[in-house]
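The structure appears right after this line, and notes come after that.
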Amino acid sequence: MNIIIPIKQVPETSNVKMDKEKGTMIRDGVQTVINPLDLYALETGIQLKEKFGGKITVISMGPPSATKALKEAIAMGCDDAVLLSDKKFAGSDTWATSYTISQSIKEMGDYDLIIAGERATDGDTGQVGPGIAAWLDLPLATYVSKIEKVDETELVVERLVEEGYQKLQMPMPALLTVVKEISHPRLPTLRGKKKARVSEIPIFTAEKMNLKPESLGLNGSPTKVVKIDFPTVTRGGTVVKVEGETGVEEAVDKLLDFLKRKELI
Amino acid sequence: MNELWTIAEQKNGKLKSVSFELLSRGRKLADEMNAKLCSVLIGGPMKDETLQELFHRGADMAYVVEDERLEDFIVETHSNVLTDLIETYKPHTILAAATTSGRTMMPYVAIKVNTGLTADCTELAIEEGTNHLLQTRPAIGGNIMATIKTPNHSPQMATVRPKSSRPLPENTSRSGEILRVKLKEELVDARVKVLGIRKDEEEFANIEEADVIVSGGKGMKKEENFGMLRDLASHFNAVIGASRDAVDRGWATYPHQVGLSGKTVSPKLYICAGVSGSIQHLAGIKTAEHIVAINSDPDANIFQVADFGIVGDLFEVIPALNKKLEMEKGGAPDEI
Ligand SMILES: Cc1cc2nc3c(=O)[nH]c(=O)nc-3n(C[C@H](O)[C@H](O)[C@H](O)COP(=O)(O)OP(=O)(O)OC[C@H]3O[C@@H](n4cnc5c(N)ncnc54)[C@H](O)[C@@H]3O)c2cc1C
Ligand SMILES: Nc1ncnc2c1ncn2[C@@H]1O[C@H](COP(=O)(O)O)[C@@H](O)[C@H]1O
């Protein structure tokens, strides 16, 4: 089974700086990691490979430094990696990102399954996975929490929805986006790390992938950021401290007053 | 006249409340740009009487595509139908709820109709002069609010967080036109089949649509102690939430997890006990209207975002709170 996993490199902390003019993130000098929610996609892919054989290719679109994330994925057990990197990709929204990634997948050809994360912790949209499926006309299952059955041509999965777990049967190739419940991500192995160190990661540029220039990056993105605000962190609420026996009663009374005042009870 | 569409959702012939939340947002925007507010329902068979509530809650018109095969949400088919409606009727703006189906269908459709999409908006406005939709959303774990627009593409598309607006009061004197559009055979994509739905618990918690959430963290110490949270929850008709640490310990199941790798919630009231308030947990609750925290550590981060906090032992505070609420409930008839 050949699996493709798009992973994003994201800033490690929530201390992200923004370029107020462009409305994009300043990535210089910030520690980066694999989007934590993509680790579940990687683990899911690796388990499928262990069972059915085949090969996993990870793709990331980002600056040259994103090779670090790709190498980590190889260290976990993925086989190949491709970096989509070009100044022309900078500032892509989810439309342009899913276009670029889907073209690279077309370029690579043969695959049975694409597994994406539920969402990236920086952009936080969850739109790129479904977007790639739309570009490639693939059957799509989002919020997948369990893969129940796999054979050569078909999958049965469960997806976590409002009413419970919806069970779907779908043909391959298909695209899944997965949630945390699906797996426990493993740590890189020593052998994996060695392999990662020596692996060469090819870089795909806009030219190499035959992309339409008008569909790339900031200019090719239908959505534009017009304003960034930084909401205040503290709400400046009331805090009461319980002291002694009567303290509990008093605190609870004050809480009830608060709830009544706000018409919450 | 321009049309502003909101996507209604149904289950077994009943409209879901997100349909009405969207209409209240849509009404305001439609009035601002002098557009017609249309509710779009793609689903199983619906009765005319049921659809009236769309008008009572603000819609001017309803597009209804109903068929047994549309009862369950299947992204390929539902997207084909919506894409076809868009190409035929050319709406100015489309709003959908940021539910599992809205978050799946809208990005798929945005690619098919070649336009931008903004996820999980908490505020929407119409830009004067251009009538562009100004879409404000939290990003990066709620640390920034970004305002986004789609200046050169149409329609304007956004998903809106459930519970981030209230339905309009029901006005039964309002009415509107129902336009039933027949499902075209060629739009049915049979590749994916729904085999059924499984529920772990009797009352499967739909935490994202809850008005009140009562959450527990590692400070709850063990699973049995969630019992007192359930008692507390019963007074508010609330759904149980949990931190990742509580979920990883098996005290609550994953659908209840709140935060970065769980659910983002926007209830009217979020009560949490024994939750420290890590960045990752806060990412899921920043858009809650009111936050109440109970924690024994006065320096716990959760107090930074709490509207009301109690520094104290939750094992004393919660039982005392439950007792008072019980008394109030029992005491109410006397007061009349
Ligand atoms: C990539 C990533 C994703 C994550 N996603 C999530 C997520 O989605 N959701 C999430 O919640 N976390 C998430 N986390 C984990 C997060 O970093 C914290 O570890 C977690 O939120 C802590 O849970 P907690 O508050 O229950 O436990 P702790 O931080 O251990 O806090 C327990 C609190 O209970 C209080 N306490 C103890 N005893 C009592 C008592 N008797 N009375 C009152 N208070 C008491 C303590 O003072 C303490 O503040 C994520 C982490 C990472 C790295
Ligand atoms: N730049 C990127 N490179 C590779 N994969 C990406 C990129 N952006 C998003 N993805 C994938 O799409 C998922 C959803 O991301 P998002 O829509 O940004 O929240 C992620 O979990 C990744 O699997």
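The values are calculated or read from the model by the stated rules, or taken from the named source; none is laboratory data. Being a predicted model, the structure only gives us computed values, none of them experimental. Here the Cβ is made from the backbone with ideal geometry for all residues, glycine too, and neighbour counts use every protein chain on show. Areas reflect the complete protein model, heavy atoms only, side chains present, ligands, DNA and RNA absent. Shrake-Rupley method; radii C 1.70, N 1.55, O 1.52, S 1.80 Å.
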Q.
Within 10 Å of each Cβ in B:98-105, how many Cβ atoms from other chains are there, averaged over the peptide?
A. 5
Q) Which of the lysines could a cross-linker bridge to residue B:47, judged by Cα under 24 Å and excluding same-chain residues fewer than eight apart? A) B:11, B:14, B:16, B:36, B:182, B:184
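Placing unit charges on C-beta atoms (Lys and Arg positive, Asp and Glu negative, everything else neutral), compute the dipole magnitude of chain A about its Cα centre in debye, rounded to 20. Let's see the in-between values first.
On the way: 35 positive and 38 negative charges, 179 e Å.
That gives chain A a dipole magnitude of about 860 debye.
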Q: Starting from the coordinates of the alpha-carbon atoms of the range B:128-222, obtain the Kirkwood hydrodynamic radius over all distinct pairs and give the value in Å to one decimal.
A: 19.9
Q | Mean shadow area of the range A:2-215 over all directions, Cα convex hull, nm² | A | 12.1
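Mind checking the per residue accessible area of the range A:2-215 for me, 1.4 Å probe, whole number of Å²?
42
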Q. What are the radius of gyration and Dmax of the range A:108-155, computed over its Cα atoms and given in Å?
A. 12.1, 35
(Q) Quick check on the protein assembly as shown: what does the Kirkwood estimate of hydrodynamic radius come out to from the alpha carbon pairs, in Å? (A) 25.1
Q | Residues in the range A:34-70 that a label on residue A:90 would reach, taking backbone N under 12 Å of a point 7 Å out along Cα→Cβ | A | A:63-64
Q. For the pair A and B, how large is the buried accessible area, both sides, in square angstrom to the nearest 100, if the probe is 1.4 Å?
A. 7500
Q: Would you mind giving the mean number of other chain beta-carbons within 10 Å of the Cβ of each residue in B:110-119, as a whole number?
A: 6
Q: Quote the charge dipole size of chain B about the Cα centre in Debye, to the nearest 20; the model charges only the Cβ of Lys and Arg (+1) and of Asp and Glu (-1).
A: 540
Q) So for the pair residue B:114, residue B:71, with labels modelled 7 Å out along Cα→Cβ, what separation do we get in nm? A) 3.8
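Helix-only mean residue ellipticity at 222 nm, chain A, DSSP H runs n ≥ 4 weighted -39,500 (n - 2.57), per residue, nearest 500. What is it?
Calculated at 222 nm, the ellipticity per residue is -9000 deg cm²/dmol.
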**Q.** Area projected by the alpha carbon convex hull of chain B, averaged over all directions, nm²
**A.** 19.6
**Q.** Karplus (6.51, -1.76, 1.60) ³J(HN,Hα), θ = phi - 60°, over the range A:154-165, in Hz, Gly and Pro reported as x
**A.** 9, 10, 10, 10, 10, 10, 7, 10, 4, 8, x, 10
(Q) Can you tell me the orientation of helix B:314-335 relative to chain B, as the angle in degrees between its alpha-carbon axis and the longest Cα principal axis, to the nearest 10? (A) 70
(Q) Give me the residues in the range A:183-229 whose solvent-accessible area, probe 1.4 Å, is reduced by at least 20 Å² once all protein chains are included instead of the chain isolated. (A) A:222, A:223, A:224, A:225, A:226, A:227, A:228, A:229
Q: Obtain the radius of gyration and the Kirkwood radius of the range B:3-187 from its C-alpha atoms and give Rg over Rh.
A: 0.94
Q: Work out which helices of chain A, taken as complete DSSP H runs, extend at least 24 Å along their axis over the Cα atoms and score a mean Kyte-Doolittle of -0.5 or more, then list them.
A: A:244-261
**Q.** Whole-Å semi-axes of the ellipsoid equivalent to the range B:179-336 (Cα gyration tensor, √5λ, descending)
**A.** 34, 21, 16
Q.
Given R₀ = 30 Å, what would the calculated FRET efficiency be for residue A:106 paired with residue B:14, taking r from the Cβ atoms and rounding to 0.05?
A. 0.10
**Q.** Averaged over B:146-155, number of beta-carbon atoms from partner chains that fall within 10 Å
**A.** 5
Q. Which distance in nm do the two modelled labels at residue A:68 and residue A:207 give, with both placed 7 Å along the Cα-to-Cβ direction?
A. 2.9
Q: Can you grab the distance from the C-alpha centre of the range B:144-193 to the C-alpha centre of the range A:169-196, Å, no decimals?
A: 34
Q. Taking every pair of alpha-carbon atoms in the range B:59-127, what share in percent sits in each 5 Å bin, from 0 to the bin with the longest distance?
A. 3, 14, 26, 25, 22, 8, 2, 0
Q.
To the nearest 20 Debye, how big is the dipole of the range B:3-187 about its Cα centre, given +1 on the beta carbon of each Lys and Arg and -1 on that of each Asp and Glu?
A. 460
Q | Accessible surface of the protein assembly as shown [probe 1.4 Å, protein heavy atoms]: carbon and sulfur percent | A | 49
